[in-house]
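Notes follow the structure.
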Amino acid sequence: MLRFGGPVFLGQQDKAAGAGESHGAIVEDPYALALAHKRKGWTAAFAPKIGLEDKELIRGVRDAFQKEDIIIAEVGCWNNILDTDPETRKACREEYVNALALADELGANCVVGLAGGYCHGFPTTHAAYNFSPESFAETVDFAR
């Protein structure tokens, strides 16, 4: 069965996410969020914004979405793992590892994002080196 989903914001946000932002809703009541997806006819959802340390909320979201037969399709992590600043690169990579752990906790199907580029901050321009074999190898090595 093919499942469809999309953003649900419960009035907390007035627009869809922009570049580098998660599409997941802010969650205060997991069941209200799951029901909002169901009312829209969705059977899949973006992971809501949850800190990895909030185990009770994670459990609540997982249980609420399972009860309504809505899969959590993805956890978004939109940052630059190739950042040229070593401290920023390390922080971005830690965020990806945390996103993978959150996906495991929620039962989400994947983590979606981008590798980034050899620049500082969120990459908004292309550079030839970003398409090099070295860039590909570094991205694959990190994914492994």
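For the range 101-111, the Karplus equation 6.51 cos²θ - 1.76 cosθ + 1.60, evaluated at θ = phi - 60°, returns couplings of 5, 5, 4, 4, 5, 7, x, 5, 6, 6, 10 Hz by residue, with Gly and Pro reported as x.
Using r as the Cβ-Cβ distance of Glu28 and Gln66, and R0 as 25 Å, what FRET efficiency do you calculate, to the nearest 0.05?
0.85
Of Leu2, Leu52, Leu35, the order by accessible heavy-atom surface (1.4 Å probe, DNA, RNA and ligands excluded), from most exposed downward, is Leu2, Leu35, Leu52.
Relative to the present Cα-Cα distance, how much length would full extension add between Phe122 and Arg144 at 0.36 nm per residue of separation? List each step's numbers first, then the result.
Working: separation 22, 0.36 × 22 = 7.92 nm, distance 2.23 nm.
Value of the extension gain: 5.7 nm.
For Lys49, the amide hydrogen comes within under 5 Å of the amide hydrogens of Ala25, Ile26, Val27, counting only partners 5 or more places away or on other chains and with H modelled in the peptide plane. If you look at the Cα atoms of the chain, you get an Rg and a Dmax of 16.5, 48 Å. With respect to the chain, whose longest principal axis is taken over its alpha-carbon atoms, helix 55-67 is tilted by about 60°. Protein-only accessible surface at a 1.4 angstrom probe places the residues His126, His37 in the order His126, His37, largest first. In this structure Tyr31 has an accessible area near 100 Å², from a 1.4 Å probe over the protein heavy atoms. For the range 27-144, the Cβ-based charge dipole about the Cα centre amounts to some 400 debye (Lys, Arg positive; Asp, Glu negative; other atoms uncharged).
With a simple spin-label model that places each label point 7 Å from the Cα along the Cα-to-Cβ direction, the separation between Arg59 and Glu94 comes to 2.7 nm.
Extension gain for Thr84 to Phe4 (0.36 nm times residue separation, less C-alpha to C-alpha distance): 25.1 nm.
Ranking Asn98, Tyr31, Thr43 by Cα position along the charge dipole of the chain, where only Lys, Arg, Asp and Glu carry charges on their C-beta atoms, puts Thr43 farthest toward the positive end.
The values are calculated or read from the model by the stated rules, or taken from the named source; none is laboratory data. Note that the structure is predicted; figures quoted are calculated from it, not measured. Here the Cβ is made from the backbone with ideal geometry for all residues, glycine too, and neighbour counts use every protein chain on show. Note: areas computed on protein heavy atoms with side chains; ligands, DNA, RNA excluded. Shrake-Rupley method; radii C 1.70, N 1.55, O 1.52, S 1.80 Å.
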